[in-house]
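Chemist: Take this structure first; my questions come after.
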Amino acid sequence: LAYLMVGVLSVILFFTAEGIVGIFHLGPEATALAARVLRILAAFSVFFWPSSFALPNALRAAGDAVFTMTVSLLSMFTFRLALSYVLAAMFLFGLPMPGMGLVGVWIAMCLDWIVRSAFFLTRLVCNKVGYIIIYISIRVYVWILGYNCPIPVFSSVNISIFGGFGYAITAFNY
């Protein structure tokens, strides 16, 4: 559901970026740069935002908070801060850098999403936490649809609301 919602919004954002930026009455260069950045955001959001921000909520609900916090902090400081500076700067310690400016900052942020997605999806697939989340979420979706579900009811269940889109997934609290 997160992929569907982000996909719809990203397509709309991609094709209406200049119109949205036009609301702010910026100069022509600022309008072009802002529209370019919004298109970068839209292109990367479709594939990486749900798995880098919605999936960790399910992992935390399953009791895997330390891993998600560690990955999020290390990825943020490494990519969002350090790589943003390297890509945006013209010179660093006297050495020439790419000098991409604002676009470099947004590319670094998107790389942060890619790294987070890789770690969180690997954790989901290679750890028993992923199987528990998938198992319980199937039971909840069947229950929401009103079907009689043969999967046994568990006594210890947490509900985690996924980021911004208001749907829920349940997971064990070991």
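Chemist: Around Trp106, what is the net charge, scoring Lys/Arg as +1 and Asp/Glu as -1 over all other residues with Cβ under 15 Å from its Cβ? It would help to have the intermediate numbers written out before the result.
Modeler: On the way: positive: Arg36, Arg39, Arg80; negative: Asp112.
Neighbour charge sum, excluding Trp106 itself: +2.
Chemist: Over the heavy atoms of Met69, what accessible area does a 1.4 Å probe trace out, to the nearest 10 Å²?
Modeler: Its accessible surface works out to 110 Å², give or take rounding.
Chemist: Related question: Which net charge results for the neighbourhood of Phe79, defined as the other residues with beta-carbon distances under 11 angstrom from its beta-carbon, given Lys and Arg at +1 and Asp and Glu at -1? Each step should come with its number before you reach the end.
Modeler: Values: positive: Arg80, Arg116; negative: Asp112.
Net charge in that neighbourhood comes out at +1.
Chemist: Tell me the net charge near Ala17. Cut-off is 10 Å between Cβ atoms, Ala17 excluded, with +1 for each Lys or Arg and -1 for each Asp or Glu. Can you show the working numbers first?
Modeler: Working: positive: Arg36, Arg39; negative: Glu18.
With Lys, Arg at +1 and Asp, Glu at -1, the net is +1.
Chemist: Taking 0.36 nm per residue of sequence separation and subtracting the Cα-Cα distance, how much length would be gained by fully extending the chain between Val66 and Thr16, in nm to one decimal?
Modeler: Values: separation 50, 0.36 × 50 = 18.00 nm, distance 3.91 nm.
Roughly 14.1 nm would be gained on extension.
Chemist: How much length would be gained if the chain were fully extended between Phe91 and Ala118, taking 0.36 nm per residue of separation minus their Cα-Cα distance, in nm to one decimal?
Modeler: Numbers: separation 27, 0.36 × 27 = 9.72 nm, distance 3.06 nm.
Computed gain between Phe91 and Ala118 is 6.7 nm.
Chemist: As a test of reading the structure, rank Trp113, Trp106 by solvent-accessible area (1.4 Å probe, protein chains only), most first. Mind dumping the intermediate values first?
Modeler: Numbers: Trp113 10, Trp106 65 Å².
Ranked from most to least accessible, the order is Trp106, Trp113.
Chemist: What distance in nm separates the simple spin-label points at Phe77 and Phe24, each placed 7 Å from Cα in the Cβ direction?
Modeler: That separation, rounded to one decimal, is 3.0 nm.
Chemist: Related question: Dividing the alpha-carbon Rg of the stretch 14-89 by 2.2 N^0.38 Å yields what? Write out the running numbers ahead of the final one.
Modeler: Numbers: Rg = 16.5 Å, N = 76, 2.2 N^0.38 = 11.4 Å.
That works out to 1.45 for the stretch 14-89.
The values are calculated or read from the model by the stated rules, or taken from the named source; none is laboratory data. Computed from a predicted model, the values in this text were never measured in an experiment. Methodologically, a virtual Cβ is constructed for each residue, glycine included, from the backbone with ideal geometry; neighbour enumeration extends over all protein chains shown. For the accessible areas, the whole protein counts, side chains as well, though only heavy atoms, and no ligand, DNA or RNA atoms are used. Shrake-Rupley method; radii C 1.70, N 1.55, O 1.52, S 1.80 Å.
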